[in-house]
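Here's the structure, in structure tokens; my notes come after.
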Amino acid sequence: MKRSNLIIGAVVVALLALLPLVIDQYLLNNAVLIVMFVGITVAWNIAAFGGALSLGHAAFFGLGSYTMAILLLDYGVNPWLGMLAGMVVAAGGGLLLSIPLLRLRGPFFTLASLAFVEVIRLLSVFARDFTGGSEGLTIPYQPGWLNMSFSDREPYYYIVLGLTILAVLVSIKIYYSRMGYQLRASGSDDEATRALGVNTAVLKVLALVVSAALTGAFGAFAAQYFFIVDPETNFSLNLYSIQPALNGIIGGAGTVLGPILGAVLMTPIGEYMRSAFAGQQGLNFMIYGVVLVAVVMLMPGGLVSGIEKLRARFRRNRGDDRLTDDTSVVDEQPEKVVEEPREKDQL
């Protein structure tokens, strides 16, 4: 990465760290949700590096939530360790999804990942002894850092900010690594990449496993933040499968910055629409669909591609201005030579 980008990133992180000092608890709750969805979208995007547009991430989110909650309630395991266990179980879910389904191409993989979420959700409903069935599980309120339970939202904000920074760093590391270049080449032309000797299947499995593990961490955090885990919420297709995918596609799937931009822009809009159109189910997603179609038609690569086009046009205009200035200087020089003949010619 460029040094300037690192400096900008450090400044943004510093400003985000100071945010709880200047906003109230209500706005801080919104900030927690936005930062959490930024992290989930960034995690989703890691799988998208290889062209796999998954709608199965709600399964990984729910697995992380239930793993942490069950270990805490049934075995007294510390929530921090439960979060790590949730990441491992979610990674196992990613492996379970990727091995049979990554042979599918394009929309077939996307549809199969949707079915995967529904299967896991139904299992959580019927396994009442472990999951509490449709009623779900309630997390006890035991304040303290050791229990990851607090009366104010500031600690939750810093925890989710740390998880999101971790997800962004992992995304950047993969994107600029050899694995990232090969994944992006596979997403562009899988057959040509395989012809060069790259095992694209293994790369896509690894990317999906990492993506699932990070998503599971956010699921475990959400269980502690909301104090409840239930199938309808924690395996919600709308919230944790479709929303991150829309955020990533609108921002620019397969890029580092795109998912961040998409989540920061669309998460507050989504929260507002869910509350504003609470009595009209599906209307918020219809609006989302209109926005998505508009973005795909006007900016096929998402907001990032639109920004890059504007930057390129700005640079081109600056280059034309400089070229015009340089040409005017060059044109003046021959005229001076003509107007001032040498002494030999005069003689």
*Report yes if residue 148 is on the phi > 0 side of the Ramachandran plot and among the aliphatic types (A, V, I, L, M), otherwise no.*
yes
*Filter the stretch 113-157 for residues that are closer than 30 Å to residue 27 by Cβ, assigned to a helix (DSSP H, G or I) and either open to solvent by 80 Å² or more (accessible area, probe 1.4 Å) or touching a residue at least 60 places away in the same chain (Cβ under 8 Å) (or both) and give the result.*
154, 156, 157
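Yes/no per residue for (1) of a type in the set (Phe, Trp, Tyr); (2) within 22 Å of residue 62 (Cα to Cα):
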{"site": "159", "(1), (2)": "no, yes"}
{"site": "178", "(1), (2)": "no, no"}
{"site": "194", "(1), (2)": "no, no"}
{"site": "197", "(1), (2)": "no, no"}
{"site": "213", "(1), (2)": "no, yes"}
{"site": "218", "(1), (2)": "yes, yes"}
{"site": "232", "(1), (2)": "no, yes"}
{"site": "235", "(1), (2)": "yes, yes"}
*Looking at (1) small (Gly, Ala, Ser); (2) touching a residue at least 12 places away in the same chain (Cβ under 8 Å); (3) assigned to a helix (DSSP H, G or I), can you tell me which one residue 289 breaks?*
(2)
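Rundown of residues vs (1) at pLDDT below 75; (2) open to solvent by less than 40 Å² (accessible area, probe 1.4 Å); (3) within 20 Å of residue 259 (Cβ to Cβ); (4) within 21 Å of the chain's Cα centre (by Cα), yes/no style:
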{"position": "274", "(1), (2), (3), (4)": "yes, no, no, yes"}
{"position": "279", "(1), (2), (3), (4)": "yes, no, no, no"}
{"position": "286", "(1), (2), (3), (4)": "no, no, no, no"}
{"position": "293", "(1), (2), (3), (4)": "no, no, yes, yes"}
{"position": "299", "(1), (2), (3), (4)": "no, no, yes, yes"}
{"position": "304", "(1), (2), (3), (4)": "no, yes, yes, yes"}
{"position": "307", "(1), (2), (3), (4)": "no, no, yes, yes"}
{"position": "315", "(1), (2), (3), (4)": "no, no, no, no"}
*Has the stretch 55-69 got at least one residue that is within 15 Å of the chain's Cα centre (by Cα) and either surrounded by fewer than 24 Cβ atoms within 10 Å (Cβ to Cβ) or farther than 24 Å from residue 135 by Cα (or both)?*
yes
*Qualifying position, being modelled with pLDDT of 90 or more and either hydroxyl-bearing (Ser, Thr, Tyr) or open to solvent by 40 Å² or more (accessible area, probe 1.4 Å) (or both), among 36, 1, 87, 83*: 87
_For the list (1) touching a residue at least 40 places away in the same chain (Cβ under 8 Å); (2) under 26 Å from the mean Cα position of the chain (by Cα), I need the number of the one condition that residue 185 fails._
(1)
*Could you list all residues from the stretch 10-41 that are more than 26 Å from residue 240 (Cα to Cα) and either of a type in the set (A, V, I, L, M, F, W, C) or in a helix (DSSP H, G or I) (or both)?*
10, 11, 14, 15, 18, 21, 22, 23
_Some residue of the stretch 207-223 being assigned to a helix (DSSP H, G or I), of a type outside the set (A, V, I, L, M, F, W, C) and modelled with pLDDT under 95_ = no
_Against the definition (outside any helix (DSSP H, G or I), free of Cβ contacts under 8 Å to residues at least 12 places away in the same chain and either of a type in the set (Asp, Glu) or surrounded by 13 or more Cβ atoms within 10 Å (Cβ to Cβ) (or both)), how does residue 104 come out, yes or no?_
yes
*Quick one: would you say residue 52 is surrounded by 24 or more Cβ atoms within 10 Å (Cβ to Cβ), among the aliphatic types (A, V, I, L, M), modelled with pLDDT under 95 and assigned to a loop (DSSP other than H, G, I, E, B)?*
yes
*Looking at residue 171, is it closer than 17 Å to residue 33 by Cα and open to solvent by less than 20 Å² (accessible area, probe 1.4 Å)?*
no
*Scan the stretch 252-272 for residues that are closer than 14 Å to residue 175 by Cα and either in a helix (DSSP H, G or I) or among the hydrophobic types (A, V, I, L, M, F, W, C) (or both) and jot them down.*
253, 256, 257, 258, 259
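The values are calculated or read from the model by the stated rules, or taken from the named source; none is laboratory data. Since the structure is predicted, the reported quantities are computational estimates derived from the model, not experimental observations. Neighbour counts run over all protein chains shown; Cβ positions are idealised from the backbone, glycine included. Please note that ligands, DNA and RNA were not included when accessible areas were found on the heavy atoms of the full protein model with its side chains. Shrake-Rupley method; radii C 1.70, N 1.55, O 1.52, S 1.80 Å.
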